Amino acid sequence: MLPAVPDRFLAELARTGGEPDTLSLLNRDQDTRRLILLRAVLDAAEEADPALCSPAAKARLREDWALLTAADRAAVPDSPARTRLSYPLLGPWARRCLTGLDPRTSPPSDERRRELALDLSYFSAVAAVAAARAGIPFTTELTARDGILVLPSLGALRSAERGDTRVRVKYEQARMTLDQVTVFLENDSGAWSGSLAWTSAYTLSGLVPGAAPMPLDDLDPYRVPPREPDHYALSGPAGPDEAERKRWLQSWSGTAAALRTGGEGRLTEALALLRCLVPLEMPPGAGGRGSCSGTRREAFGALLSSAPATPVAFAATLVHELQHTKLAALSEMVELHRAGPAARYFAPWRPDPRPYDGLLQGAYSHLALADFFQRRALTVEPARSEGAWAQYARYHAQVGAALPALAASSDLTVVGRRFVDEMAVAHERLAARPAPRGHTARAQAYVKAVRALWTQRQPRTESL
């Protein structure tokens, strides 16, 4: 997509950092890929068998693309209209559409045709919102899926009719009429209405003063992936009530300060990379203190998380998950390794064997957490530093247990070798300021015990 990643950028990322220009490179590359992905959906639909994608559906897609293009041309940089094109959750939608349009899948059943038609119709809502944000008047019809019409970044209309229904939509002068319901667009995100049928999109304040509001997206129909082995730990999507939103707000309002205790760079990467939050249900048995979080390769910039317990806990979640975001984006720009998907490596943070890529992702995110908690331990008051030292010692020991397998792999490319070597250097630099002896001893004992248990559970020939 873009020129090769400069050595300086690669070194910064390998050390789990990244200056603004490095993070900007990742953003530009991902934005370009998403635009290409959107165009790929249109091209795949044009080439699809009419029995799967009707001529009328193809014509509507062309109309929507034209409206989206007009909105993009009318928008100024960083406007709400332009932002819609880079919204993270468009990625999962596009991937789903491409899967549905793939001619190599089984012959189209009635259900597959229905699902694909509904998925493609969502693009009409995306184009309509982009046009409205750009101030372009229009009149159209949109599809309410199972009686709910979602207008991304604005809100959702609950139709009086059940099933898939058509809704007449008219927009002019910051006012949108959905059948008999009128909604008024807010400046950045959301829209208000006096109708009980309308639910406005919800946003948190900017992470720091002057930053853009952060969507807390509990409406997008593509926000959570289907249940898959790689996402086994994710709980289902949540629809926060007022109490849950208050909990989000309380933790979010202190997250910037908590990130700063782990280094200004952690706040910089959050401001640069995070584009939306997707609330998840609290994991069973969490008792209000546990959490669940994740990212999706196809949704760059989105963080899925249950309601955070504290600002510090959520800051750590951001540090952890944004490393996955950075490494996934980098891996699309350069090839780091050629290892296969076989799950056979020991990872001290997981009970199951991991493939090489999973081990690399985990070690990378835990290296960032070790850096975050060490910096925090060195800056916060003594009463709070003990907990930070314990966290640092645990993460540092875990990464130390994973690095030998990462470095020994013959599947690393030349670029990948430099990346892992830089990770090892960063890990060694952290060791120059160790945790108090008791924390270090307990962390090493923990990793040793976990490895012994893991080894007992694996077939002898697969133990590493």
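The phi-based Karplus calculation (6.51 cos²θ - 1.76 cosθ + 1.60; θ = phi - 60°) puts the 3J(HN,Hα) values of region 314-320 at 6, 4, 5, 4, 4, 4, 4 Hz, whole numbers, x for Gly and Pro. When both bridge partners sit in the chain, DSSP labels roughly 85% of those beta bridges antiparallel. Pairwise Cα distances in region 307-464 exceed 20 Å in 52 percent of cases. For Arg247, the accessible surface of its heavy atoms amounts to roughly 50 Å² (probe 1.4 Å, protein chains only, rounded to the nearest 10). If the segment from Arg104 to Arg417 were pulled out straight at 0.36 nm per residue, it would be longer than the present Cα-Cα gap by 109.0 nm. Given the chain reduced to its alpha-carbon atoms as identical point scatterers, what log10 I(q)/I(0) does the Debye formula return at q = 0.07, 0.09, 0.11 Å⁻¹? Log10 I(q)/I(0), no solvent term: -0.40, -0.65, -0.95. Evaluating kT/(6 pi eta Rh) at 25 °C and 0.890 mPa s, with the Kirkwood radius of region 409-464 over Cα pairs in the Stokes-Einstein relation, gives 174 µm² s⁻¹.
Compute the Cα gyration tensor for region 145-216, then decide on rounded, prolate or oblate, letting a ≥ b ≥ c be the square roots of its eigenvalues: rounded whenever a/c is under 1.5, prolate when a/b is larger than b/c in the other cases, and oblate in all that remain. In terms of gyration-tensor shape, prolate. Histogrammed with a bin width of 10 Å, the alpha carbon distances of region 155-273 distribute as 11, 30, 33, 20, 6, 0 percent, first bin at zero.
Residues whose amide H falls under 5 Å from that of Thr413, counting only those 5 or more places apart or on a different chain, are His337, Arg338, with hydrogens built in the peptide plane. Sequence-ordered 3J(HN,Hα) estimates for region 6-18 from the Karplus curve with 6.51, -1.76 and 1.60 and θ = phi - 60° stand at x, 4, 4, 5, 4, 5, 4, 5, 4, 8, 6, x, x Hz, glycine and proline given as x. Accessible surface area normalised per residue over the chain is 46 Å², counting heavy atoms of protein chains with a 1.4 Å rolling probe.
In region 1-112, the alpha-carbon atoms span a convex hull of 147 Å³ per residue. Computed over protein heavy atoms with a 1.4 Å probe, the carbon and sulfur contribution to the accessible area of region 407-464 reaches 55%. Ordering 168-180, 361-373, 148-160 by mean Cβ neighbour count within 10 Å, with the highest value first, yields 361-373, 148-160, 168-180.
The values are calculated or read from the model by the stated rules, or taken from the named source; none is laboratory data. Fair warning: this is a prediction, and the values are worked out from it, not measured in the lab. Glycine also receives a Cβ, built like all others from the backbone with ideal geometry; neighbour counts cover every protein chain displayed. Accessible surface areas use protein heavy atoms only, side chains included; no ligands, DNA or RNA. Shrake-Rupley method; radii C 1.70, N 1.55, O 1.52, S 1.80 Å.
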